[in-house]
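Visitor: One structure coming up, written as structure tokens, with questions to follow.
The values are calculated or read from the model by the stated rules, or taken from the named source; none is laboratory data. Remember, predicted model here, so these are calculated numbers, not experimental data. Counting neighbours? That spans all protein chains shown, and the Cβs are built from the backbone with ideal geometry, glycine included. Calculation scope for accessible area: heavy atoms of the full protein, side chains included, ligands and nucleic acids excluded. Shrake-Rupley method; radii C 1.70, N 1.55, O 1.52, S 1.80 Å.
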Amino acid sequence: MEKGGLDSAGREFKNAEEMWREQVGEHQSKKTEWYRQGVGYWEGVEASANGVLGGYGHVNEPDIMGSEAFLNTLLSERFPDAANSQRHLVVLDCGSGIGRVTKNLLIRYFNEVDLLEPVSHFLETARESLAPENHMASDMHKATNFLCVPLQEFTPEAGRYDIIWVQWCIGHLTDDDFVSFFKRAKVGLKPGGLFVLKENIARTGFVLDTEDRSITRSELYFKELFCQCGLHIYKSKDQKGLPEELFAVKMYALTTDLPKKVHRTRSKVQANRPGVIK
């Protein structure tokens with residue numbers, strides 16, 4: 001990744017390699033400290049929607065609406081048999097926090113949701129919130145497993161998930177651990193399964209947050225990492241309706257196989273038009 005970036009104090013880096021060399025170095029102990037400080041930051045945050053959303057609790061509604069529209073498109077195209085209950089849908093909510101996305105969205109569409117979260121008091125709040133007596137979900141839709149494990153150490157059960165949902169958490173992983181996570185997590189997908197990655201997007205390069213030990217990557221940066229993971233973009237969509245002062249947010253549906261190309265016959269008029277030089 002050759003593009004330069006900044007940290008939250010405005011300090012410039014020539015490229016991502018320079019930044020990672022300084023932050024995690026060559027020794028495992030320094031990388032372990034990076035992750036310890038990241039979890040430590042969130043251990044000091046209140047287990048509420050406002051807490052996990054960084055004081056922007058009102059972002060919850062547009063976030064869920066955008067995710068639901070994207071998810072509906074994916075389900076209708078990839079899992080049409082789920083509409084008449086012929087398919088038992090299972091999803092993994094990565095970086096689930098207090099279960100905000102599970103409770104407001106995933107549990108309504110999936111028969112089972114597993115929650116993966118390294119911050120124990122967030123996960124306990126999720127467990128309480130999603131307990132059958134506290135939640136209106138039917139017997140056919142339930143939170144099954146609550147896994148207090150960080151992404152960089154997690155390997156899923158083989159062939160369990162239709163979708164692995166990764167939202168607002170992958171920025172805590174170094175590039176090496178980003179790639180190794182997705183390579184390991186592929187085994188957890190059922191045939192035809194998808195990853196959904198929803199994340200903040202930097203305009204160019206990257207922005208390092210030195211307080212919570214996370215990195216916001218540009219779209220180009222993400223695409224380079226997807227390539228290293230052996231993943232292909234099936235669909236992507238911009239999140240709308242968020243406050244202007246926040247980073248842009250994008251949703252990606254990622255597959256392990258190349259999307260099938262649609263062959264369209266162009267009219268002679270279109271074929272002979274000059275192309276736009278980009």
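Visitor: Rounded to the nearest 10 Å², what accessible area does GLU17 have for a 1.4 Å probe in the complete protein model?
Guide: We get 80 Å² for GLU17.
Visitor: So for the stretch 131-210, averaging the separation of alpha carbon pairs under 8 Å that are six or more residues apart and normalising by length, what relative contact order in percent results?
Guide: 36 percent
Visitor: Quick one: with all protein chains in place, what share of the accessible area of the stretch 105-234 is carbon or sulfur, to the nearest percent (1.4 Å probe)?
Guide: 50 percent
Visitor: Using +1 at the C-beta of Lys and Arg and -1 at the C-beta of Asp and Glu, which of CYS169, THR125, VAL52 has the Cα lying farthest in the positive direction of the dipole of the chain?
Guide: Towards the positive end, the residue furthest out is CYS169.
Visitor: Students often forget the sequence filter, so: which lysines lie under 16 Å Cα-Cα from LYS183 once same-chain residues fewer than 8 apart are removed?
Guide: Answer for LYS183, where 16 Å is the Cα cut-off: LYS223, listed by chain and number.
Visitor: Against the 2.2 N^0.38 Å scaling, with N counting residues, where does the stretch 35-109 land? I'd like the Cα-based Rg ratio to two decimal places.
Guide: After normalising by residue count via 2.2 N^0.38 Å, the value is 1.34.
Visitor: Net charge near LEU208, counting Lys/Arg +1 and Asp/Glu -1 over other residues with Cβ under 14 Å of its Cβ?
Guide: That sum, taken over residues with Cβ under 14 Å, equals -3.
Visitor: Membrane-span-like helices in the chain: DSSP H runs reaching 20 Å or more (Cα, own axis), mean Kyte hydropathy at least -1.0?
Guide: Length and hydropathy pass: 60-78.
Visitor: At a temperature of 10 °C and a viscosity of 1.306 mPa s, determine how fast the stretch 85-178 diffuses translationally according to Stokes-Einstein, using the Kirkwood radius over alpha-carbon pairs as Rh; express D in µm²/s, rounded to the nearest whole number.
Guide: Roughly 118 µm²/s, to the nearest whole number.
Visitor: Could I ask something else about it? To make sure I understand the rule: partners must be lysines, Cα under 24 Å from the Cα of LYS142, and not fewer than 8 residues away in the same chain. Which ones qualify?
Guide: Here the lysines satisfying the reach criterion relative to LYS142 are LYS103, LYS186, LYS190, LYS198.
Visitor: If CYS94, CYS227, CYS148 are ordered by their accessible area, calculated over protein heavy atoms with a 1.4 Å probe, which sequence runs from highest to lowest?
Guide: CYS227, CYS148, CYS94
Visitor: Hey, in the GNM for the chain with a 10 angstrom Cα cutoff, which one of LEU130, LEU246, LEU92 fluctuates hardest?
Guide: LEU246
Visitor: For GLN167, which sequence-distant residues (separation of 5 or more, or a different chain) have an amide H within less than 5 Å of its own amide H, given hydrogens modelled in the peptide plane?
Guide: Here CYS94, LYS198 satisfy the definition.
Visitor: A further question on this structure: Using a 1.4 Å probe and ignoring any ligands, DNA or RNA, find the accessible area of SER76 and quote it in Å² to the nearest 10.
Guide: 80 Å²
Visitor: While we're here: Determine Rg/Rh for the stretch 7-136; Rg is computed over alpha-carbon atoms and Rh is the Kirkwood hydrodynamic estimate from the same atoms.
Guide: Radius of gyration relative to Kirkwood radius: 1.07.
Visitor: Moving on to the next point. For the chain, would you read off the P(r) tail past 24 Å as a percentage of all alpha carbon pairs?
Guide: Distances greater than 24 Å cover 53 percent of the Cα pairs.
Visitor: Please work out how much accessible surface ASP209 shows to a 1.4 Å probe, ignoring ligands, DNA and RNA, in Å² rounded to 10.
Guide: Accessible area of ASP209: about 50 Å².
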